[in-house]
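Peer 1: Starting off with a structure, shown below.
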Amino acid sequence: MMQGLLTYEALAEHYGVSRRTMYQRVWKGEAPTPVLGPSGRVRGWQPEEVARYDSANQRTRAEYLYGSDK
């Protein structure tokens, strides 16, 4: 693992989900953009990218529960 990158485990803990759920979110594109190795495998996540993703994807409780059109 490259220095300073977050692992699947760290990212799952950050979002309060299981590692399996985090794998699924990454596969669906519902997670921060990962750093890929030469073979295309996920190497990890830059903390700055996770922070950027979090700030761009904030929702209020009402939006989360009832959708953004309410």
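Peer 1: Hey, can you grab everything whose amide H is under 5 Å from the amide H of Val35? Only 5+ residues off in sequence or another chain; H modelled, so Pro and N-termini drop out.
Peer 2: For Val35, the qualifying residues are Arg43, Gly44, Trp45, Gln46.
Peer 1: Tell me, what is the per residue accessible area of the chain in Å², probe radius 1.4 Å?
Peer 2: Numbers: 5600 Å² over 70 residues.
So the chain comes to 80 Å² accessible per residue, rounded to a whole number.
Peer 1: Which of the following values of mean projected area of the Cα convex hull in nm² was calculated from the structure shown: (i) 4.3; (ii) 7.4; (iii) 5.4?
Peer 2: Evaluating mean projected area of the Cα convex hull in nm² on these atoms matches (iii).
Peer 1: Could you give the size of the charge dipole of the chain about its Cα centre, using +1 on the Cβ of each K and R and -1 on the Cβ of each D and E, expressed in debye and rounded to the nearest 20?
Peer 2: 220
Peer 1: I'd like the orientation of helix 19-28 relative to the chain: the angle between its Cα long axis and the longest Cα principal axis, in ° from 0 to 90, rounded to 10.
Peer 2: Its long axis makes an angle of about 80 degrees.
Peer 1: Tabulate in residue order the Karplus-calculated ³J(HN,Hα) for the range 6-13, using 6.51 cos²θ - 1.76 cosθ + 1.60 with θ = phi - 60°, rounded to whole Hz; enter x for Gly and Pro.
Peer 2: 7, 8, 4, 4, 5, 5, 4, 5
Peer 1: What's the extension gain from Ala51 to Thr7 if we count 0.36 nm per residue and subtract their Cα-Cα distance?
Peer 2: 14.4 nm
Peer 1: Could you check the spin-label model distance between Arg61 and Arg25? Points 7 Å from the Cα along Cα→Cβ, value in nm.
Peer 2: Output for this residue pair reads 2.0 nm.
Peer 1: Let me ask something additional. Using only DSSP helix segments of four residues or longer, with each worth -39500 (n - 2.57), what per-residue ellipticity at 222 nm results for the chain after dividing by its residue count and rounding to 500? The partial results should precede the final answer.
Peer 2: Values: 4 runs with 34 residues, N = 70.
So the calculated ellipticity at 222 nm is -13500 deg cm²/dmol.
Peer 1: Only Cα pairs under 8 Å and at least 6 apart count here; give the relative contact order of the chain as a rounded whole percent. Mind showing how you got there, number by number?
Peer 2: Numbers: 57 pairs, mean separation 20.3, N = 70.
This gives 29 percent for the chain.
The values are calculated or read from the model by the stated rules, or taken from the named source; none is laboratory data. This is a predicted model, so every value here is computed, not measured. All Cβ positions, even for glycine, are placed from backbone atoms using ideal geometry, and neighbour counts span all protein chains on display. These area figures cover heavy atoms from the full protein model, side chains too; ligands, DNA and RNA do not enter into them. Shrake-Rupley method; radii C 1.70, N 1.55, O 1.52, S 1.80 Å.
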